[in-house]
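The structure appears right after this line, and notes come after that.
The values are calculated or read from the model by the stated rules, or taken from the named source; none is laboratory data. Remember, predicted model here, so these are calculated numbers, not experimental data. Backbone-built Cβ (ideal geometry, glycine too); neighbour counts: all protein chains shown. Areas reflect the complete protein model, heavy atoms only, side chains present, ligands, DNA and RNA absent. Shrake-Rupley method; radii C 1.70, N 1.55, O 1.52, S 1.80 Å.
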Amino acid sequence: MAAAKTERLMNLLIMLLVQRGYVSRERIRELLYKDSSDDAFERMFERDKEELRSLGVPIETGGHDPLFEDEAGYRVSPDQFALPPIELTADEAAVIGLATKVWEHARLAEATTEAVRKLTAAGVDVDVAALDLVEPRLAAEEPSFDVFLEAVQERTAVRFDYRTSGGPDVSSRHVQPWGVVRFSGRWYVVGYDVDRADQRVFRLSRVVDDARKVGEPGSYQVPEGIDVRAIAKATLRPERAQEPAVLLVRGGAGHTLRRRAERVEPLAEGERRPDGGHWERLHLLSPPSDLADEILSHGTDVYVEEPAALRRTVIERLQGVS
């Protein structure tokens, strides 16, 4: 199962990262692969090592004593695994600061604790501070989060009771989840609603009581080309209608409007100018309400030519504050 493999890879990474020396092949097998046969262990361990290396994890091979050919062992050096110093702008640092809070969840915390406990019980000297390198945090407090995440990995349908927005009514849902995404600080599941025969987006905080997986793993396939993040965005924040607008903008002013303009052209010879200065005509598309607010922020440097409704909105707002 995908979840079991992910947990095994995380445990292997933690095991190789927190110890202060090399961990022998036999010790790794004893702690992580003890239920596997010799052949199965060899195959799984080699695949797991290669998968971690493909993700950029620098797994080192060596012995405890360089003067003797003792049993080969493995480790991950925190110095090699850590990122080099990175210089960021203030905006970039703010984004990275949010991204580093990527995971804070009992399931991974349990896996980490178990890996360290096994190493300590086996007498391995561990450096728990090295776990800072693999400690992303992102709050997932919804009780149903685990169920939907596992269902996505296993391709298993889920049944749950759901309370819609703005009302006390609860309905039963049967969904084939395609993905779990975070949008505007909340978790959502995107999938195919079997009963309604259509794709749907559900907010996990509105799931009532326990969600439960139904059916066998691999019972459905996610349609090709599905972008669950785009579906969530389009459903939760649909694009507002845009309308063409024509504005007169004073030369050297209205820079935010100029960046959004599809076309900027000088006024023709003899055309009337608001105050006889240098003006240009901007053609752009924008939701009318947003454009009215922005036009007003530029004061007398911007005039509306079209559409008439936008011009009236701007005039009414100006009259309301005069």
(message) Against the condition open to solvent by 50 Å² or more (accessible area, probe 1.4 Å) and more than 22 Å from Q242 (Cα to Cα), how does T256 come out, does it pass?
(response) no
(request) Scan segment 206-223 for residues that are small (G, A, S) and either part of a loop (DSSP other than H, G, I, E, B) or more than 13 Å from R173 (Cβ to Cβ) (or both) and jot them down. (result) G215, G218, S219
(message) Cβ-Cβ under 9 Å, sequence separation 6+ or interchain: first residue in segment 148-160 and within 16 Å of V201 (Cβ to Cβ), partner among the acidic types (D, E). Which pairs?
(response) F148/E142; F160/D209; F160/D210
(request) Among what's in segment 231-250 and is more than 30 Å from R200 (Cβ to Cβ) and at pLDDT 85 or above, pick the residue that is surrounded by the fewest Cβ atoms within 10 Å (Cβ to Cβ). (result) P244
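Does segment 181-203 hold any residues that are in contact (Cβ under 8 Å) with a residue 40 or more places away in the chain, outside any loop (DSSP other than H, G, I, E, B) and of a type outside the set (K, R), and which are they? If you could, list the steps in order and put the result at the bottom.
Quick first cut of segment 181-203, residues in contact (Cβ under 8 Å) with a residue 40 or more places away in the chain only: 181-184, 187-190, 202.
Within this subset, residues satisfying the condition of being outside any loop (DSSP other than H, G, I, E, B) are 181-183, 187-190, 202.
The answer is V181, F183, W187, Y188, V189, V190, F202.
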(request) Filter segment 272-292 for residues that are modelled with pLDDT of 80 or more and more than 15 Å from P244 (Cα to Cα) and give the result. (result) H278, W279, E280
